[in-house]
Every structure is written in structure tokens, then in C-alpha cells.
Amino acid sequence: KDTRGSTLFVDREKFGQTNEGVNVDLFTLKNENGLTVKITNYGGIVTSMSVPDKMGNFEDIVLGFDNLQNYLDGHPYFGALIGRYANRIASGMFELKGVLYRLAANNGENHLHGGNRGFDKVVWDSEQFMGENEVGLKLSYLSKDMEEGYPGNLNVKVTYRLTNENQLIIDYFAETDKACPVNLTHHSYFNLTGGKESILNHEVMIDAKSYVGIDKNLIPTGEIRDLIGTEMDFTLPNTVGSRIDMVKGGYDHCYIINKNPEDMSLIVRVYEETSGRIMEVYSTEPGVQFYSGNFLDGSIRGKNGIVYEKHFGLCLETQHFPDSPNQKDFPSTILYPGESYTHSTVYKFSVK
């Protein structure tokens, strides 16, 4: 429905209970232009994102479910906050200060997205707020020492802000009392058609000249590969489907962004011609994992009864590189006591 002319709005409602009986809420953020984002404090999951097309029609552009139980039953990280470590850690282990830490092997023999019960499966403390030009949700969680095998009590805060400039801003913050690797991200699957067709016709620009080389199990080899002129090259806008058949398994790679460390800059632009929707991604992180929904297989029925077939959503996970704790030449992801982990990502929406 057309909700233009609305005012800034934030609301909280009951979303259900976890299998352990913990209450879960659903928050609705709406800006003055009618953009609406729904977020649950279970896993910090963005359950829906309603944005207009070039005709002013609002549609939901992220994959997910209408109810909590579907999320509890298991899903491929739809819309979730990911931690303590986004992406993969080889063989589910790393060494730090002479101590070998063993993590869950929940992706073959490797560790993925924080383990069996990562940040995507916990209930976060939550507080909604309203500013002059934005509405938002503050989430906080204390990940205790040795949770999922990681050292240190990690105090995490994540803030979602929806602005009247049609930006969804995600700010991450963490502190620890013991050295530990930290790599947080957001895992929405975007489909700018509003779920009418696959993402293969989405036109993508990624401001990257190189990417992290990986083996058949998607684990970094340590090699940084040049992508200019290859099927991995999105420095000039290209549709996802134009060369995907040349990429074994599809796109699931960490692109190394052309920028100074910690600068906030435009890293990705996605355009969908039929709807006219544009999504720009800005980030302070050195990398972005571009994933083309290769493992979706039609076995999941999402919102509005839509079946999520292969390549039905794309993810743009701003992050440090995979397996950095085991790769001495990658930028460090180790957070030490007395330091702060900070990272910001902006998803900005417009039409053409």
C-alpha cells in the first residue's frame, strides 16, 4: 500500500517465544517517506524492508518469514546479525597467544558465521528510539567467555537507524576483556524486484579490483587475486547473471574494496531496471562478501507464499576477510582489551 505522507514512526509488538520460552519482539521503523523496516530482537533479524519502485509502489525487498517459528526452525541467515565471526574459519580452529581455540565445525569441517548458536540465534536486549530525522533500534548482547569456543566476554552493541534520507544505517560496537577475533556483519538477502523474479538481472557495481582467493570449500588460500577483466569484475555495472556460469558454484567471494582503511565510502551499487530501484551500500570495512544465493534450492517458502529458488536473493555482507585469524597477511581481526571494535554500513535506497 502507498504510505507516503506518513510521519516518523517506531513501534514494538510481540513476535512470539523461543523454544526455551523467551519472549521475542518485532519492531517497525518507518520514515517520513513511508519506507518501512521490520526488525526482531531474535538474531537482530531484518524481517522485511518495504521500499518504493519508480511508480511509488511499495514492496518488500528482503527474503524472510512472517512468523518467528520459521526462523526458529532454521534458515540460511535471512536478515540476521552475524557474529562473533562472519564467514568461514578453516577447520574450526585458530591460535591466539599460543593457545589453540576450537570452534564448532558447522560448515563441513569449517566454522561458519559464529557457530551452532551464533548472534543470529540469540535474543538481544532492545531499546527503540526516535530522533529528529531518524528512528531506530539499539540492540545489545553479552557473549560470555568461551561461548561457541571464543575467548573473552564480548560486549556487543548494534544500532539500526532508518533516516528520512532513505538510509538504513547499521552501527556496530564491541569491547572485550580478553583478546579475541571479531568480525560482525548483516546478512539480508535482497531482491529489488520485490520477489517477482530472480536476482540474475540485477545490475551490480562493486568498487574492487581484487578479491580473496578461495579453495573448493570456500576457504581462503591466502592469495589475493586480481579481478580486472575476469568474470569476477564488477568495477563497471554488470548483471549478476551475465557471467555467473563462468564462476564455479556462483558468486560467494570476499571483494577487497578500493579505499583507505576505515573510510566510509560507496562500495556497491545495485540497480533493478523493471522497478527502477537502486540500492547503494557504503561501509567502513575492507571487504564485502558478494553472495548470489547459490544454495537456495526451492525448499523454502517465505513471505507471501513465495518459493525461494536458486539465485532468488543476493547478499552484500560488509566485513573483514574470511579466516583472518589463520591468515597472517590479512588485516587483523583481533580485538584486545581496552580497544573498541567499530564498523558502520549504510544501505541507501532511491529510484531511477
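Take Val268 and tell me if it is in a strand (DSSP E or B), closer than 30 Å to Met55 by Cα and within 20 Å of the chain's Cα centre (by Cα).
It is true that Val268 is in a strand (DSSP E or B), closer than 30 Å to Met55 by Cα and within 20 Å of the chain's Cα centre (by Cα).
Could we say that Val135 is closer than 19 Å to Val10 by Cβ, in contact with a Phe, Trp or Tyr (Cβ under 6 Å, 6 or more places away or on another chain) and in contact (Cβ under 8 Å) with a residue 24 or more places away in the chain here?
no
Taking Tyr141, is it open to solvent by 10 Å² or more (accessible area, probe 1.4 Å), at pLDDT 95 or above, hydroxyl-bearing (Ser, Thr, Tyr) and farther than 23 Å from Thr47 by Cβ?
So Tyr141 does not fit the description; no.
Taking the stretch 332-348, which residues are part of a strand (DSSP E or B), among the β-branched types (Val, Ile, Thr) and closer than 22 Å to Ile89 by Cα?
Listed by number, the residues that qualify are Ile334, Thr342.
Quickly run through the stretch 270-306 and pick out the residues that are open to solvent by 40 Å² or more (accessible area, probe 1.4 Å) and in contact with a Pro (Cβ under 7 Å, 6 or more places away or on another chain).
Once the filter is applied, which keeps residues that are open to solvent by 40 Å² or more (accessible area, probe 1.4 Å) and in contact with a Pro (Cβ under 7 Å, 6 or more places away or on another chain), the stretch 270-306 yields only Phe295.
Yes or no: Asn217 under 19 Å from Leu63 (Cα atoms), in contact (Cβ under 8 Å) with a residue 60 or more places away in the chain and of a type outside the set (Lys, Arg)?
no
Taking into account only those residues within the stretch 312-331 that are charged (D, E, K, R) and out of contact with any Lys or Arg (no Cβ under 8 Å at 6 or more places or on another chain), which is farthest from His202 (Cα to Cα)?
It comes out as Lys328.
Out of the stretch 281-310, which residues are in contact with a Leu (Cβ under 6 Å, 6 or more places away or on another chain), over 15 Å from Leu227 (Cβ atoms) and in a strand (DSSP E or B)?
Of everything in the stretch 281-310, those that are in contact with a Leu (Cβ under 6 Å, 6 or more places away or on another chain), over 15 Å from Leu227 (Cβ atoms) and in a strand (DSSP E or B) turn out to be Val281, Tyr282.
Within the stretch 190-204, is even one residue touching a Leu at 6+ places or on another chain (Cβ under 7 Å), open to solvent by less than 30 Å² (accessible area, probe 1.4 Å), closer than 15 Å to Val270 by Cβ and among the β-branched types (Val, Ile, Thr)?
For the stretch 190-204, residues touching a Leu at 6+ places or on another chain (Cβ under 7 Å), open to solvent by less than 30 Å² (accessible area, probe 1.4 Å), closer than 15 Å to Val270 by Cβ and among the β-branched types (Val, Ile, Thr): present.
Kindly establish whether Glu197 is out of contact with any Pro (no Cβ under 7 Å at 6 or more places or on another chain) and charged (D, E, K, R).
So Glu197 fits the description; yes.
I'm trying to understand the selection: among the residues of the stretch 242-255, which are surrounded by fewer than 21 Cβ atoms within 10 Å (Cβ to Cβ) and touching a Ser or Thr at 6+ places or on another chain (Cβ under 8 Å)?
Those that are surrounded by fewer than 21 Cβ atoms within 10 Å (Cβ to Cβ) and touching a Ser or Thr at 6+ places or on another chain (Cβ under 8 Å): Ile244, Gly250, Asp252.
If you take the residues in the stretch 10-51 that are assigned to a strand (DSSP E or B) and acidic (Asp, Glu), which one is surrounded by the fewest Cβ atoms within 10 Å (Cβ to Cβ)?
Glu13
Cβ-Cβ below 7 Å, separation at least six or inter-chain, first residue in the stretch 19-48 and at positive phi, second β-branched (Val, Ile, Thr) and open to solvent by 10 Å² or more (accessible area, probe 1.4 Å): which pairs?
Pairs that qualify, where the first residue is at positive phi and the partner is β-branched (Val, Ile, Thr) and open to solvent by 10 Å² or more (accessible area, probe 1.4 Å), are Gly34/Thr3.
Residue by residue through the stretch 39-76, note down the ones that are polar (S, T, N, Q) and more than 14 Å from the chain's Cα centre (by Cα).
Thr40, Asn41, Ser50, Asn57, Asn67, Gln69, Asn70
Condition test on Leu72, is it open to solvent by less than 60 Å² (accessible area, probe 1.4 Å), of a type outside the set (D, E, K, R), within 17 Å of Val135 (Cα to Cα) and in contact (Cβ under 8 Å) with a residue 40 or more places away in the chain?
Taking the combined requirement at face value, the residue does not satisfy it.
State all residues of the stretch 144-171 that are within 17 Å of the chain's Cα centre (by Cα) and open to solvent by 10 Å² or more (accessible area, probe 1.4 Å); if no residue qualifies, say none.
Lys157, Thr159, Arg161, Gln167, Ile169, Asp171
Name the single residue that is nearest to the chain's Cα centre (by Cα) among those in the stretch 185-228 being at negative phi and among the small types (Gly, Ala, Ser).
Ser188
Inspect all residues belonging to the stretch 103-112 and state whether any of them is surrounded by 20 or more Cβ atoms within 10 Å (Cβ to Cβ), outside any strand (DSSP E or B) and on the phi < 0 side of the Ramachandran plot.
yes
The values are calculated or read from the model by the stated rules, or taken from the named source; none is laboratory data. None of the values given here were measured: they were computed from a predicted structure. Ideal geometry is used to build each Cβ from the backbone, glycine not excepted, and the neighbour counts take in all protein chains shown. Note: accessible area is taken over every heavy atom of the protein model, side chains too, but ligands, DNA and RNA are not part of it. Shrake-Rupley method; radii C 1.70, N 1.55, O 1.52, S 1.80 Å.
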